[in-house]
Amino acid sequence: MKKYALLVIGCVSVGACTDNNAGDSDIKTVQFERYFDKADFDNLSGKIEVIDIFRPEFTDSTMFTMPDLAAIHDGKAYVHEDEWMAEFDYPSGKLIKAFNRKGGGPEEYMDSYYAYFSPASDGWTVVDANFNRDNLKQYDHDGNYLRTTVNDTIQSLSPLPDGGWLAYNRSYSTKNGFEKVREKKVYQYDPDWNLVNTYVLNERRWAEPGSDRMDAVMNYNGQSYIHDNDSIYRLDTDNHTAVPVIALDLGKHYCDWGSLETYEEIREAFRKYIYISSPIFNSRYLFASYSFDDDDNTMRYDVYDLDNGELIYRRTQQLGEDYSLCNTLEGIPVEIDGQTALGWPVEYVGDDSFYVIVASDEMARISDTDAINPIFLKIKIKD
């Protein structure tokens, strides 16, 4: 029997919200507005310790460029990019197996931009956006097709420790013309993709008729987190609540994206406000990247100390009109074989560490060769 529950959001007083949970005193605040006009700043160099270097060996003619690190489990690393799902020995990088099920058949995916590996179920799930209908295609670790679940609202997933999944619906839509506004929902599935709960996010910016953006941030220490541009919440699946954990103080740079009605308004908002794209964090540090002054494609890369909310690193980059997507990962300096390269953490986060990707373009720059894969570094930040 399907259960339906109301997911009550405790608000963080960073703008629109006024309600507070009893645990709000534990919320960590990141002072974006306070530091917004600060010039590039580096209190991070010399504190980054590289623990492991993971060099995935992928021999297909289509080499990895900017892959996702989906999971590291039992000495294996699971990596995804475009149509490829691959399993490597970790940290040696030796390829164990890879599969590609791209196609138009019932057991294939047309689009695999959103792909996830679940260590608990030892398999992959692909959100296949095909003809405006999202098919959740599930495969075992060898690429054998298992099942399809249809849901036309899901954009991203988060694996649960029991092999089940949390699924998040699209949330960047606006009131008129751009895309229909939906109620913000989280779907909880068991390992066999039976629907266990549907949680309606009943908070002002996540409900009709106005809606802010909402992203699945990441799965960290077995917990799932969501991000709504000025707050990060931990989803408590046992109590069907969302617990605020980090407030992103945007101040005058905050925008209620759901109040925008046209594409022109959205373009103008990107010139005036900032949108934090999938912040990455552990118990001590938060990495945030965002663009501003949209005409110049200006990217900013910030690192904050969550103990005091202070900025410890900032790099600003003018990407220009013809930038590569790899450029959006060039945020922090890391040492590779005695050379300094620029990378950025991926959403797979360890207990007290981060996994940083150095994209193939950046690896080619420091290696004087184009035939080279990206690499991942496991890093810690020293006090």
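Taking interchain pairs and intrachain pairs at least six residues apart, which have beta carbon atoms under 7 angstrom, with the first residue in the stretch 63-75 and touching a residue at least 12 places away in the same chain (Cβ under 8 Å) and the second surrounded by fewer than 22 Cβ atoms within 10 Å (Cβ to Cβ) and acidic (Asp, Glu)?
Qualifying pairs under 7 Å: Phe64/Glu81; Thr65/Glu81; Met66/Glu81; Pro67/Glu81; Asp68/Glu81; Gly75/Asp89.
Among Ser324, Ser353, which is within 30 Å of Lys28 (Cβ to Cβ) and modelled with pLDDT under 95?
That would be Ser353, the only listed residue that is within 30 Å of Lys28 (Cβ to Cβ) and modelled with pLDDT under 95.
If I filter the stretch 86-95 for residues that are in contact with a Gly (Cβ under 8 Å, 6 or more places away or on another chain), more than 26 Å from Tyr187 (Cα to Cα) and free of Cβ contacts under 8 Å to residues at least 24 places away in the same chain, do I get at least one hit? Before you say what the answer is, go through the steps one by one.
If we filter the stretch 86-95 for residues that are in contact with a Gly (Cβ under 8 Å, 6 or more places away or on another chain), which is where we start, we get 89-90.
The next check asks that each one be more than 26 Å from Tyr187 (Cα to Cα); those that pass are 89-90.
Still in the list and also free of Cβ contacts under 8 Å to residues at least 24 places away in the same chain: 89.
Yes, the conditions are met somewhere in the stretch 86-95.
So that you can scan it fast, the table gives a plain yes or no per residue for (1) more than 23 Å from the chain's Cα centre (by Cα); (2) open to solvent by 30 Å² or more (accessible area, probe 1.4 Å):
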position: Thr241; (1), (2): no, yes
position: Ala247; (1), (2): no, no
position: Tyr254; (1), (2): no, yes
position: Trp257; (1), (2): no, no
position: Leu260; (1), (2): yes, no
position: Glu264; (1), (2): yes, yes
position: Phe270; (1), (2): no, yes
position: Tyr273; (1), (2): no, yes
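What number of residues within the stretch 34-61 are surrounded by 16 or more Cβ atoms within 10 Å (Cβ to Cβ) and either assigned to a loop (DSSP other than H, G, I, E, B) or touching a helix residue (DSSP H, G or I) at 6+ places or on another chain (Cβ under 7 Å) (or both)?
Number satisfying all stated conditions: 5.
I'm trying to understand the selection: among the residues of the stretch 338-371, which are surrounded by 17 or more Cβ atoms within 10 Å (Cβ to Cβ) and either part of a loop (DSSP other than H, G, I, E, B) or among the hydroxyl-bearing types (Ser, Thr, Tyr) (or both)?
Selection gives Tyr348, Ser353, Tyr355, Ala359, Ser360.
From the set of residues in the stretch 87-137 that are buried (at least 20 other Cβ atoms within 10 Å of the Cβ) and among the polar types (S, T, N, Q), which is farthest from Asp74 (Cα to Cα)?
Asn135
Given the structure, is Tyr114 within 21 Å of Pro374 (Cβ to Cβ), hydroxyl-bearing (Ser, Thr, Tyr) and in contact with a Pro (Cβ under 9 Å, 6 or more places away or on another chain)?
no
Of the residues in the stretch 27-45, how many are at pLDDT 90 or above and either of a type in the set (Lys, Arg) or under 22 Å from Lys378 (Cβ atoms) (or both)?
Qualifying residue count, the stretch 27-45: 6.
For Phe270, all conditions in the list (1) at pLDDT 85 or above; (2) outside any strand (DSSP E or B); (3) not small (Gly, Ala, Ser) hold save one; what is the number of the exception?
(1)
Return only the number of the condition from (1) at positive phi; (2) modelled with pLDDT under 90 that Thr149 does not satisfy.
Going through the list (1) at positive phi; (2) modelled with pLDDT under 90, Thr149 breaks only (1).
Which is of a type outside the set (D, E, K, R), touching a Leu at 6+ places or on another chain (Cβ under 7 Å), at pLDDT below 95 and farther than 25 Å from Ala269 by Cβ, of Tyr313, Tyr348?
Result of the check over Tyr313, Tyr348: Tyr348.
Taking Asp294 as meeting all but one of (1) under 18 Å from the mean Cα position of the chain (by Cα); (2) among the acidic types (Asp, Glu); (3) open to solvent by 10 Å² or more (accessible area, probe 1.4 Å); (4) modelled with pLDDT under 85, write down the number of the exception.
(1)
Out of (1) open to solvent by less than 60 Å² (accessible area, probe 1.4 Å); (2) modelled with pLDDT under 90; (3) within 23 Å of the chain's Cα centre (by Cα), the odd one out for Asp24 is which?
(3)
Output yes when any residue across the stretch 62-69 is loosely packed, with under 13 Cβ neighbours inside 10 Å and not β-branched (Val, Ile, Thr), and no when none is. Before you say what the answer is, go through the steps one by one.
Taking the stretch 62-69 and keeping what is loosely packed, with under 13 Cβ neighbours inside 10 Å, we get 62.
Now drop any that are not not β-branched (Val, Ile, Thr), which leaves none.
Looking through the stretch 62-69, none of the residues is loosely packed, with under 13 Cβ neighbours inside 10 Å and not β-branched (Val, Ile, Thr).
The values are calculated or read from the model by the stated rules, or taken from the named source; none is laboratory data. As the structure is a prediction and not an experimental result, all values here were calculated from the model. Quick reminder, even Gly has a Cβ in these numbers, built from the backbone with ideal geometry, and neighbours come from all protein chains shown. For the accessible areas, the whole protein counts, side chains as well, though only heavy atoms, and no ligand, DNA or RNA atoms are used. Shrake-Rupley method; radii C 1.70, N 1.55, O 1.52, S 1.80 Å.
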